[in-house]
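Undergrad: One structure coming up, written as structure tokens, with questions to follow.
Coordinate-derived values only; no laboratory data. If you're wondering where the values come from, they're calculated on a predicted model, not measured in any experiment. When we count neighbours, we look across all protein chains shown, and the Cβ atoms used for this are built from the backbone with ideal geometry, even at glycine.
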Amino acid sequence: MTRLKKLLARKEPEKLEAEWMAVVDAGDLGLEEAAAVLDVLSHRDEAGQADTLFWYYLTVTTEREGAGAAVAAVRRVAGLMKGNAVLREETAAAYERAFAETADVGAMTKMTLRRADLAYPTAVARMELVLKLRPGTCVKDTRLGEMGHVVGLKAEKGLVEVALGERTRTYDAVALERIEALPEDDLRAMLVSRRDVLEALGREDPAALVRLVLGTFGPRVEMRELKTYLAPVIGADSWSKWWTGARVQLKRDPLIELGGEGTKQWFFLRAKPVAYADEFKGQLAEAEEPEEKLTAIIAHLEEGGHEPESEAALEAHLAAELAVWAEAWRGKNFGAALGAAAVAAALRPRAGEKTTATADTSNMGETGAPSPGPKGPPSPVKGEGLKQLLAGGTDLAGALRGLSSEKLGRWILEAIRENLPERWPGLGLEALAGSTPANCDWIAEELCGHGRAGELGRAVGALLERPERHAGAVVWLWKAAVAGEYAEVLGGVDKATVAIRLLVAADGLTRDTLWSAAQRQSLLRQISAAISARNYESLRAVMKAGSGEQATRAHQATERNTGLTEATRLRVLEIITQTHPELFFKAKPAWEEDVIYTTAEGLAKRREEFANLVNVKMAANAKAIGDAAAHGDLSENAEFTAALEERNNLTEKASRLEAELKKVKTITAATAAGETVTVGSAVRVRNVTTGREATWKFLGPWDSNPDQGVFSYRAALALEFMGHKAGDKVETPGEGGDRVWEILEVGAGV
């Protein structure tokens, strides 16, 4: 090879040819070395000599190693050859010898390799294709985009006949560039000829079906692509149900890698298998936060669809790790330590004691990094870790309050109930103060079901003392009380007091550092949803039944509430003033109670908002629900749940807007005219103390713009002025004490 390279560099063709023949005859020139020389000649426009040298190499290879080796050489270097007549003939002869048992092989070489009008590389490619096009082979016409199968070779005419649907077409060597031969395990081919096999795989082995998709279109496909490819097999209507069962199999298939979430989820066909247990351990090692590790294990346990025996070693390993984590996290994150002990207690009967004792626990430490030394197996007593953690005085409510995962909190509660039954009632009552609304409801149901209603009733009063510290429990208490649940416990609870404490909780949450930012936002959303449920119907009924003192306290808790959205805050204030007008009106209201007054401009804006809500937002939400549902497994589909919640919110808002638009009366200059302040008035006032003048307009709630001096006629400021006339003095509350205003002029504000 060294001598050949030197001769190539000197550009001595005669000596190069002689040396080539010598090393080929001696058997010292391998195929890759030969290809390297031919490549140089091809790029130097010395294709004629390249053809000659390769012809000689092909001849000797056929004689020495057989026609099969010669064909392999052709496949390797065909793209470098120009292909003179002698080389073409030798190539055709090699194929005919190598495929002597193939019917019509001579006709195949005639229509491809022996056609002078086809470039040599093209002729070789066409020959390879024709060899694959045996009768019955599934093919695709890439220009027409149609699938079909080969009927046969018309040898005398050099044509391949293909059936496409109910018609047949013929292809010569040139037209064959449009034909793609599909292997038997190609999904497209199987859809044509073996659909029953695909349908059986869909029922019995979803992972094998997805591997077929990845082998055909992959190695990587997106979720939306997978759904499209499998639509002919699974059917759009059956996708969600199929995916719910298939997802677990795919996660555990050693050749399929899953990534992303929701619409961004993807699938990848691995070149080498990776055991699910090894992959899952790797995911836990990468997880940085304790809760991230624990929620991943919980998800594994809740998936179902797999045999516990097949993963006994993995779960024994997890049980051992959880025992170590529970001890390591004890002094740093007590909630996570309890979570680790709770999950370990659930794993124990699944993993089995013998496997647990021999589990490999040496490769994962507290943070998922390799541990410095071997760890002993966890205690063989089920729930022992929980008992040890809760042996002394503990702040269980604080531990639960510190968790961001509601599901992890539920696992802890259920583990305590199962493993510490004698302590469960007391610990359940303690846990109530730090639990989410849903978990509070579960605790209450459990306690009442076991005759502990009296103890639960006594605990309820304590929840209202520091509502911002017990925000989740107060939300539960409000929802349960207005729904009439737990009558034996909450029947005597004053609902108006609970409403006031719920408002106080919303305001206090924005300043309380006990909660994380994410927890605060979640609780504030739940408070807002609880207050506004059924278009504020429950709040309205409770405030109407409440006393004047309670209405005043509720008004004070709402007026400067930083936890409520502005829209919610204003609506609550409106409800309080409507249900107790005697506390807030100095004169009889100058409007009909069941009417909403607005200017023409305010009405137009509201109608536009309603149209946008119905035609744009609700349509987009409907599409989002459909897209999320397509991912399957609706029980754990966060996007689907969020889309349904959004639908409920939008529907509720649309119903409210529609009802409001039916109550409209338009404010006009005529209705606003008069000597006394009324709906639609413009009032020019002077601060008696400072002398500062201002002009305010009291229009409809849809016209309100306080920054521009425009207020709703139901606003607290407007209510103070209603019924007064020029020359009157009006007191309004403000920071640092009440302010006194003299009315200088009253006129129409429209």
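Undergrad: Could you give the dipole magnitude of the chain about its Cα centre, charging the beta-carbon of Lys and Arg +1 and that of Asp and Glu -1, in debye to the nearest 20?
TA: So the magnitude is around 1340 debye.
Undergrad: Can you give me the relative contact order of the chain as a percent, contacts being Cα pairs under 8 Å and 6 or more apart?
TA: Normalised by residue count, the contact order of the chain is 6 percent.
Undergrad: Further, regarding this structure: What FRET efficiency do you get for ASP45 and ALA200 if R0 is 60 Å and r is their Cβ-Cβ distance, rounded to the nearest 0.05?
TA: 0.55
Undergrad: Can I ask one more? To the nearest 500 deg cm²/dmol, what mean residue ellipticity at 222 nm is calculated for the chain from DSSP H runs of n ≥ 4 alone, each contributing -39,500 (n - 2.57), summed and divided by the residues?
TA: The helix-only estimate for the chain comes to -17500 deg cm²/dmol at 222 nm.
Undergrad: Then there is this: When the label point is put 7 Å from the Cα of ARG97 along its Cα-to-beta-carbon vector, which residues of the range 44-59 have a backbone N closer than 13 Å?
TA: Only 56-59 pass the distance filter.
Undergrad: From the residues VAL460, ALA557, LEU573, which one has its Cα farthest along the dipole of the chain in the positive direction, the dipole being from +1 and -1 charges on Cβ of Lys/Arg and Asp/Glu about the Cα centre?
TA: LEU573
Undergrad: At a 10 Å Cβ-Cβ cut-off, how would you order VAL614, VAL86, VAL162, fewest neighbours first?
TA: Lowest count first: VAL86, VAL614, VAL162.
Undergrad: Enumerate the whole-percent occupancy of each 20 Å bin, from 0 to the last occupied one, for all C-alpha pair distances of the chain.
TA: Binned Cα distances yield the sequence 12, 27, 25, 20, 12, 3, 0.
Undergrad: Pairs of lysine in the range 2-147 with Cα under 26 Å and at least 8 positions apart or on different chains: total?
TA: 11
Undergrad: Another one. Could you work out the percent of alpha carbon pairs in the range 96-194 separated by over 15 Å, rounded to a whole number?
TA: Numbers: 2842 of 4851 pairs.
For the range 96-194, the share of Cα pairs beyond 15 Å comes to 59 percent.
Undergrad: So for the chain, taking the charge dipole from beta-carbon charges (+1 Lys/Arg, -1 Asp/Glu), which of THR91, THR295, ALA22 sits furthest toward the positive end?
TA: Comparing the listed Cα positions along the dipole, THR295 ranks first.
Undergrad: Right, next: Would you please give the FRET efficiency between GLU582 and LYS725, computed as 1/(1 + (r/R0)^6) with r the Cβ-Cβ distance and R0 = 35 Å, to the nearest 0.05?
TA: Computed FRET efficiency for GLU582 and LYS725: 0.95.
Undergrad: Applying 1/(1 + (r/R0)^6) with R0 = 41 Å to the Cβ-Cβ distance of ALA673 and GLN521, what FRET efficiency is obtained, to the nearest 0.05?
TA: 0.30
Undergrad: What distance in nm lies between label points placed 7 Å from Cα along the C-beta direction at ALA600 and GLU639?
TA: Each label point lies 7 Å from its Cα, and together they span 4.7 nm.
Undergrad: Could you list, in their original order, any pairs among LYS227/LYS293; LYS697/LYS725; LYS605/LYS725 whose Cα atoms are separated by more than 23 Å? All intermediate terms of the calculation are to be shown ahead of the outcome.
TA: Working: LYS227/LYS293 30 Å; LYS697/LYS725 14 Å; LYS605/LYS725 31 Å.
Beyond 23 Å: LYS227/LYS293; LYS605/LYS725.
Undergrad: Have a look at the range 659-732 and give its Rg and Dmax from the Cα atoms, expressed in angstrom.
TA: 12.9, 44
Undergrad: Let me ask something else. Report the label-to-label distance for GLU225 and ALA285 in nanometres (one decimal), using points 7 Å from each Cα along the Cα→Cβ vector.
TA: 2.9
Undergrad: Could I ask something else about it? Going highest first, how would you order 3-12, 594-603, 428-437 by mean Cβ packing within 10 Å?
TA: 428-437, 594-603, 3-12
Undergrad: How would you order 468-481, 177-190 from highest to lowest mean count of nearby Cβ atoms within 10 Å?
TA: On the way: 468-481: 25.4, 177-190: 17.0.
The densest-packed peptide leads the list: 468-481, 177-190.
Undergrad: Provide, in order from the shortest bin, the percent of all Cα-Cα pairs of the range 187-269 in each 10 Å bin, continuing until the bin that contains the maximum pair distance.
TA: Once binned at 10 Å, the Cα pair distances of the range 187-269 give 18, 59, 22, 1.
Undergrad: Under the rule a/c < 1.5 gives rounded, and otherwise a/b versus b/c splits prolate from oblate, where does the range 383-505 land using the Cα gyration tensor?
TA: The shape class here is prolate.
Undergrad: How far apart, in nanometres, would the label points at GLU593 and THR666 be if each is projected 7 angstrom from Cα along the Cα-to-Cβ direction?
TA: 2.8
Undergrad: Neighbouring Cβ atoms within 10 Å as the yardstick, rank CYS138, CYS448, CYS440 fewest first.
TA: Fewest-to-most ranking of CYS138, CYS448, CYS440: CYS448, CYS138, CYS440.
Undergrad: Which one, LEU198, ALA73, PRO706, projects farthest toward the positive side of the charge dipole computed for the chain from Cβ point charges (K/R +1, D/E -1)?
TA: PRO706
Undergrad: Now for a different question. At 25 °C and 0.890 mPa s, what whole-number value in µm²/s does Stokes-Einstein give for the translational diffusion of the range 2-98, with Rh from the Kirkwood sum over Cα pairs?
TA: It diffuses with D of about 185 µm²/s by this estimate.
Undergrad: Order 145-154, 483-492 from most to least packed using the mean count of other Cβ atoms within 10 Å.
TA: Result, highest mean Cβ count within 10 Å first: 145-154, 483-492.
Undergrad: Normalised by the number of residues in the range 1-68, what is the relative contact order in percent for Cα pairs under 8 Å and 6+ residues apart?
TA: Relative contact order for the range 1-68 comes out at 30 percent.
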